[in-house]
There are 2 protein chains.
Amino acid sequence: MDATTKRPDRKKSPVYDCWLNYRPINAPIADAYATFCHSITCVGTSPVIESALSELAYGIQSMLGITPERTQTFQGIAIGIVEQMDGIAFSETENIDEEGYIIKRHKQGFIIAGKQDRGVLYGVFAFLRLLQMKTPPEKIERAECPLNKLRMVNQWDNMDGTIERGYAGKSIFYKDNRFSEDMEIIRDYARMLASVGINGIVLNNVNVHHYETRLLTDFLPDVVKLAELFRRYGIQTFLSINYSSPIDLGGLPTADPLDAAVQNWWCEKVREIYQSIPDFGGFLVKADSEYRPGPFTYGRDHAEGANMLAKALKPFGGIVIWRCFVYNCMQDWRDLETDRANAAYDNFMPLDGKFMDNVILQIKNGPMDFQVREPVSSLFGSLKKTNQMLELQITQEYTGQQKHVCYLIPQWKEVLDFDTFAKGSGSTVKRIISGRLFPQKHCGIAAVSNIGDDANWTGHILAQANLYGYGRLAWNPDTDSRAITDEWIRLTFGDSDKVMDVINDILLSSWHTYEKYTSPLGIGWMVNPGHHYGPSVDGYEYSAWGTYHRADCHGIGVDRTVETGTGNTGQYFPPNAEMYNNRETCPEELLLFFHRVPYTYRLKSGKTLIQHIYDTHFEGVEQVKRYRDSWLELKDLIDTERFDHVLKMLEIQIKDAAEWRDVVNSYFFRKTGIPDEKGRTIY
Amino acid sequence: MDATTKRPDRKKSPVYDCWLNYRPINAPIADAYATFCHSITCVGTSPVIESALSELAYGIQSMLGITPERTQTFQGIAIGIVEQMDGIAFSETENIDEEGYIIKRHKQGFIIAGKQDRGVLYGVFAFLRLLQMKTPPEKIERAECPLNKLRMVNQWDNMDGTIERGYAGKSIFYKDNRFSEDMEIIRDYARMLASVGINGIVLNNVNVHHYETRLLTDFLPDVVKLAELFRRYGIQTFLSINYSSPIDLGGLPTADPLDAAVQNWWCEKVREIYQSIPDFGGFLVKADSEYRPGPFTYGRDHAEGANMLAKALKPFGGIVIWRCFVYNCMQDWRDLETDRANAAYDNFMPLDGKFMDNVILQIKNGPMDFQVREPVSSLFGSLKKTNQMLELQITQEYTGQQKHVCYLIPQWKEVLDFDTFAKGSGSTVKRIISGRLFPQKHCGIAAVSNIGDDANWTGHILAQANLYGYGRLAWNPDTDSRAITDEWIRLTFGDSDKVMDVINDILLSSWHTYEKYTSPLGIGWMVNPGHHYGPSVDGYEYSAWGTYHRADCHGIGVDRTVETGTGNTGQYFPPNAEMYNNRETCPEELLLFFHRVPYTYRLKSGKTLIQHIYDTHFEGVEQVKRYRDSWLELKDLIDTERFDHVLKMLEIQIKDAAEWRDVVNSYFFRKTGIPDEKGRTIY
């Protein structure tokens, strides 16, 4: 096999290729690389190793203009499984797990090896990344393992071609209630995911409708094809299921998990799936949540509901990922007692220890729903005897919908680094979800993807960084935000220091900037109902969704203290519980989440709350204008297509940020009558 | 022809038959009727007279159990054209116009005659109404003419089967972008319309999309069929058109009304239509309004735009109905100068006298958009040299969406009786639109229908009264609201005094009740954006639609005075202009429409504005509860189906009225901090 022949004959485009665009590298570093890139020896074979070989050859060809020769004897680069690398000694410091990789310098050149074929693929992508970043050969050696076992993306794609909360066009997987026939774009998505270490994908939206229910039956042959494609990139396939499938597909009168016929139906269905997809991952389930069916219908609890599926999957090594996004979405806004923030904890804590060992609870980072700012879910650390994963949202539902630049890695880092104190200091979320704090058989991290069939995948080119960064963080949550942006910018835009500085500055500050001009101090929402874009301060205030700011002319915020509020602070371990419960020690960015505060309250800055709201909203817009101004300085340093695109998006962001500013400021000015100290225009 | 054979063999249902359910009449009055109902003599023939004959026979059969004999010689009832009634003298008091009818007692029985066949049909329906209401034979004589020439319904039906602002199911005309094949229901709709004197129908939504554009071409054969059906009931067919049709259908590069090719295209198209539908009514046009195309695109004004179509229609007697609902729907909410209330006047007044005599401007009753309360459009009376019609909305977009009972006749009566003072005292809207104040060749009244394929036509059975009442008012705007409800209740539910009292009380007070618990004192809106159901006080406050209440912690309302506001009051004639302009003389129900008022302002009741808001909102809900309680007293007086239906709807209304009450009161309490004097619960 000639390694290069498997590459598609596709016109290279940096917009489409994202961080895999493999720009040409010049001398002298190119010459140094040429000394080992002329030949590849591949030890062993498997679909994944074939992908690794193909990627390596393609990257070298693209960056160095060299078509590497495939040789039987090691002359430049050798890739393969560690065990099969006869005569090559690996040291103890290179002790890796089954997904890890070693990049080792050798007298002939480089060895890229893994204990299993997935490690080989990850090693190749890492190696190519190092080349693209012009790493001197002597600094290329690595031995790395992923810290999280499961590193998943969840596609919220519907078979009609829409994507729930998608902001980058239509689905690449489905169209008109059939599977798409364009496998090229799906393969390129698989390449992107594998290049950052993603090892699992859920192919359909957690809200499973008529056609998607039939992924288990009529459309199973299509799922098989995609599973085969993803398998070649080390990515395991999962499906979201409809809990009522035994009724809808099986014609049974019930979907009661304790009903024997239901259990048999699922066992049989699972058996069929594994006949076609021997490495099928399992099911993702949104049950008894936002009108989706689930075990509650039959008076069963979530453990009974999940374990029934888990039993069916267990013989095949499959898992059930059960979402904890369960709350009363028909709350009366007049009800001041019920608190959505308490719901996941209240629902799942009583079940700790009752789930089978192939069930994982998938927990959103915060107790509400992917807001620009909220505390970490109190389930993390509290659940001690249950497998758990963190769910993040790459798609920017509440964070600018890929019209606004909002780089989310810093937000996710705060979540991952959050110390729950569940087993004393150091009980961070990242240690929990990677199975380092409690023994968990299955655990990890998942995120809702942000891609669609848009030419640049993500709607906003700078939003590609969120997908990239998610993968890098999922691999190693200790990675620094800045290190990720450095990498992403260099891989995506090249080496210009100016480009690096400007984009780094924009990305790393963008989340705080977005927060400044949107909902203040952890209160969340304030968006237009339904689509969630743009400001509507009261948009969810008198609704059934449990999302209230309770602003009146005196103050704003939800009292979630133990003494006088909903008791939500009591769900955390000390010292977090006390810290949140006390208005003076509560982190100010979460002040209005946990406390009801008068507008005249003085923040640590010395400003009143109302003045803080005014100031941050004016500042946020000014910061976006500065992004635009600094972007303009890149005119000659970036290709026109991407330069113009980002400029256009920043202009939209300026306009829409001003809308946020003016609506929020006007709302509070009208409500309080307190003028802006600086006399700026408020309507 | 046996008159009865044309009746459909359809199971009678009072829910479906509405006011045409023709309940059996008992002795002794039945015996009196039998003396003349045994035989019908029909003088002359036409499709309309055939319908009249068929309706008469059906009604008699249904009410009296008699199958009238069709006789050549006048023995009981004679129907036909006045001129053809040989040997029957009509007195001068029976001087009617071409649509009028005479019901005349005669020694053989009754003569029902019209100058033209439409009058005969109206006479028959009037006669049947009188029988159903058990009018003594000696009181049955009538000679009546409609006061308005055009009495139209506008269907906002789309070809995909949806109805814009429809609250009674799907379209009866269209399904899946084709015409419905169920002609029975359409024929029954035609019967209902004809029974209350409607003489024109626009078959499709004013927003004309892809498929509807093709009503002029691909679907013309279907339109022909419907036109034929409606023609049999004296109803002329009109179509809403897409102003860009020359581009979309004709492949022309422009739709510029001054372009010769465009003019020719329309002339040819109109000629084709009239070949198939010789009595085609003409076009309804929504142009340059809410993103619809129009002459503005080409730098032409509305007169140029409308006259181009009028020229094409003129040779065939067709008319152009041009809507005045033109305003800036992309207003910046921060712009305090622009006033949507001024827009129609500002757009159309400069064109007065420039329209051809077969163009009619169709003007919504108020300057905004069918709110529960707004002033009358200032165009009425101001336009002196232009044909004009009033547009009302039977479908309850902003008035409870046929979940709430909201009888609109009293609202429309206020509009019709409004004295514009355009030519001194007595220059009422009803005199203007009927052509009695200014000479107009074409004029009248139109309303957006409230029916769909719901089993009871209108979603809420009591909403049938709005369709009935609209027709009766369009026929004679001087009719008293109570007279209309008396009629409708008796025809629909029978003669029980108790039923009459309860339903009369509910209907006649329902508009004020709805107003009480929704938006106060003429300010309007405060609804959820998009679907417009339920309260959202700020729902349209920061939007582009020009609909603002400008509430802050001190006061609420829009200053539309000449001196300090948008000058809207200056569009009215004195003394209305002064009355509206002065806060002390402005009718209180419109206070917040024209004035910005502090919450502490004392109304004539002695209450502060804020207390008035609280009180009316509590009162409104209590009134609906009283409706429910009084409805319960009808349990044994009304069939179960209708009793249960209305009860269920009233329960919904109570719940949703309470939602309005609590959201509006909470909004203002939170904003003002002023407590309710009576200490009731506000959240």
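The values are calculated or read from the model by the stated rules, or taken from the named source; none is laboratory data. Note that this is a predicted model, so its numbers are computed, not measured. Quick reminder, even Gly has a Cβ in these numbers, built from the backbone with ideal geometry, and neighbours come from all protein chains shown. When the accessible area is computed, the model is the full protein with side chains, heavy atoms only, and any ligands, DNA or RNA have been set aside. Shrake-Rupley method; radii C 1.70, N 1.55, O 1.52, S 1.80 Å.
Elements of the type strands (runs of 3 or more DSSP E) sitting completely within segment B:109-176 and holding at least 1 residues that are small (Gly, Ala, Ser), in contact (Cβ under 8 Å) with a residue 24 or more places away in the chain and farther than 28 Å from residue B:322 by Cβ: these cover B:110-114, B:142-144. With respect to the stated conditions, residue A:254 fails to be modelled with pLDDT of 95 or more, surrounded by 17 or more Cβ atoms within 10 Å (Cβ to Cβ) and not hydrophobic (A, V, I, L, M, F, W, C). So for segment A:484-494 (the condition being of a type in the set (A, V, I, L, M, F, W, C) and either closer than 30 Å to residue A:318 by Cα or touching a Pro at 6+ places or on another chain (Cβ under 9 Å) (or both)), does at least one residue qualify? Yes, that holds for at least one residue. Only one of the numbered conditions (1) surrounded by 23 or more Cβ atoms within 10 Å (Cβ to Cβ); (2) aromatic (Phe, Trp, Tyr); (3) under 30 Å from residue B:331 (Cβ atoms) is not met by residue B:296, and that is (1).
The residue list B:651, B:619, B:633, B:677 contains one member that is in contact with a Lys or Arg (Cβ under 8 Å, 6 or more places away or on another chain), modelled with pLDDT of 95 or more, more than 14 Å from chain A (Cβ to nearest Cβ) and under 25 Å from residue B:600 (Cα atoms), which is B:619. Taking segment A:42-57 as the range and being at negative phi and open to solvent by 30 Å² or more (accessible area, probe 1.4 Å) as the test, the residues that pass are A:43, A:45, A:47, A:50. Residue check: residue A:473 meets all listed conditions (1) in contact with a strand residue (DSSP E or B) (Cβ under 9 Å, 6 or more places away or on another chain); (2) under 21 Å from residue A:623 (Cα atoms); (3) not basic (Lys, Arg) but one, namely (2). In segment B:196-223, of all residues being part of a loop (DSSP other than H, G, I, E, B) and open to solvent by 10 Å² or more (accessible area, probe 1.4 Å), the one that is nearest to residue B:149 (Cα to Cα) corresponds to B:207. Filtering segment A:161-179 to residues that are surrounded by fewer than 22 Cβ atoms within 10 Å (Cβ to Cβ) and in contact with a helix residue (DSSP H, G or I) (Cβ under 7 Å, 6 or more places away or on another chain) leaves A:177, A:179. State whether the residues of segment A:323-334 include one that is in a helix (DSSP H, G or I) and either within 14 Å of chain B (Cβ to nearest Cβ) or over 29 Å from residue A:272 (Cα atoms) (or both). Checked against the condition, which is being in a helix (DSSP H, G or I) and either within 14 Å of chain B (Cβ to nearest Cβ) or over 29 Å from residue A:272 (Cα atoms) (or both), segment A:323-334 yields no hits at all. Within segment B:603-614, can one find any residue that is over 30 Å from residue B:421 (Cα atoms), within 14 Å of chain A (Cβ to nearest Cβ), under 28 Å from the mean Cα position of the chain (by Cα) and surrounded by 15 or more Cβ atoms within 10 Å (Cβ to Cβ)? No: zero hits.
Here's the yes/no breakdown for (1) over 23 Å from residue B:221 (Cβ atoms); (2) modelled with pLDDT of 95 or more:
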{"residue": "B:264", "(1), (2)": "yes, yes"}
{"residue": "B:267", "(1), (2)": "no, yes"}
{"residue": "B:270", "(1), (2)": "no, yes"}
{"residue": "B:275", "(1), (2)": "no, yes"}
{"residue": "B:279", "(1), (2)": "no, yes"}
{"residue": "B:284", "(1), (2)": "no, yes"}
{"residue": "B:287", "(1), (2)": "yes, no"}
{"residue": "B:291", "(1), (2)": "yes, no"}
{"residue": "B:297", "(1), (2)": "yes, no"}
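Comparison of A:349, A:308 shows that the only residue that is open to solvent by 20 Å² or more (accessible area, probe 1.4 Å) and either more than 14 Å from chain B (Cβ to nearest Cβ) or among the hydrophobic types (A, V, I, L, M, F, W, C) (or both) is A:349. Consider residue B:507 carefully, then state whether it is touching a helix residue (DSSP H, G or I) at 6+ places or on another chain (Cβ under 7 Å), open to solvent by less than 40 Å² (accessible area, probe 1.4 Å) and assigned to a loop (DSSP other than H, G, I, E, B). No; evaluated as a whole, the condition is false for this residue.
The set of residues in segment B:26-40 that are open to solvent by 10 Å² or more (accessible area, probe 1.4 Å) and β-branched (Val, Ile, Thr) comprises B:29, B:35.
Among the residues of segment B:536-547, the ones that are within 10 Å of chain A (Cβ to nearest Cβ) and under 13 Å from residue A:663 (Cβ atoms) come to 5 in all. The residue list B:452, B:469 contains one member that is of a type outside the set (Lys, Arg) and within 24 Å of residue B:420 (Cα to Cα), which is B:469.
Being away from every other protein chain (no Cβ under 14 Å), over 30 Å from residue B:665 (Cα atoms), of a type in the set (Lys, Arg) and in contact with a helix residue (DSSP H, G or I) (Cβ under 6 Å, 6 or more places away or on another chain) is the requirement here; does residue A:472 meet it? So residue A:472 fits the description; yes.
The residue of segment A:82-128 that is most open to solvent (accessible area, probe 1.4 Å), among those that are more than 27 Å from residue A:434 (Cα to Cα) and of a type in the set (S, T, N, Q), is A:84. Restrict the check to segment A:654-668 and report whether at least one residue is at pLDDT 95 or above, more than 28 Å from residue A:505 (Cα to Cα), within 14 Å of another protein chain (Cβ to nearest Cβ) and touching a strand residue (DSSP E or B) at 6+ places or on another chain (Cβ under 9 Å). Yes, there is a match, as at least one residue in segment A:654-668 is at pLDDT 95 or above, more than 28 Å from residue A:505 (Cα to Cα), within 14 Å of another protein chain (Cβ to nearest Cβ) and touching a strand residue (DSSP E or B) at 6+ places or on another chain (Cβ under 9 Å). Going through (1) open to solvent by 20 Å² or more (accessible area, probe 1.4 Å); (2) more than 30 Å from residue B:464 (Cβ to Cβ); (3) within 14 Å of chain A (Cβ to nearest Cβ) one by one, residue B:557 falls short only on (1).
Scanning for something among the β-branched types (Val, Ile, Thr), over 17 Å from the mean Cα position of the chain (by Cα) and away from chain A (no Cβ under 14 Å), does segment B:371-387 turn up at least one residue? Checking segment B:371-387: at least one residue is among the β-branched types (Val, Ile, Thr), over 17 Å from the mean Cα position of the chain (by Cα) and away from chain A (no Cβ under 14 Å). Total residues in segment A:514-531 satisfying the condition of being open to solvent by less than 20 Å² (accessible area, probe 1.4 Å) and among the polar types (S, T, N, Q): the figure is 2. So, residue A:511, is that one within 14 Å of chain B (Cβ to nearest Cβ) and either under 28 Å from residue A:661 (Cα atoms) or more than 25 Å from the chain's Cα centre (by Cα) (or both) or not? Considered against the rule, which asks whether it is within 14 Å of chain B (Cβ to nearest Cβ) and either under 28 Å from residue A:661 (Cα atoms) or more than 25 Å from the chain's Cα centre (by Cα) (or both), residue A:511 comes out as no.
Within segment A:230-289, the set of residues being aliphatic (A, V, I, L, M) and under 30 Å from residue A:123 (Cα atoms) comprises A:235, A:239, A:277, A:284. Residues being within 14 Å of chain A (Cβ to nearest Cβ) and among the basic types (Lys, Arg) are entirely absent from segment B:478-491.
From the list A:223, A:196, the lone residue that is in contact (Cβ under 8 Å) with a residue 12 or more places away in the chain and closer than 21 Å to residue A:318 by Cα is A:223.
No other residue among B:65, B:100 is in contact with a strand residue (DSSP E or B) (Cβ under 7 Å, 6 or more places away or on another chain) and touching a residue at least 40 places away in the same chain (Cβ under 8 Å) apart from B:100.
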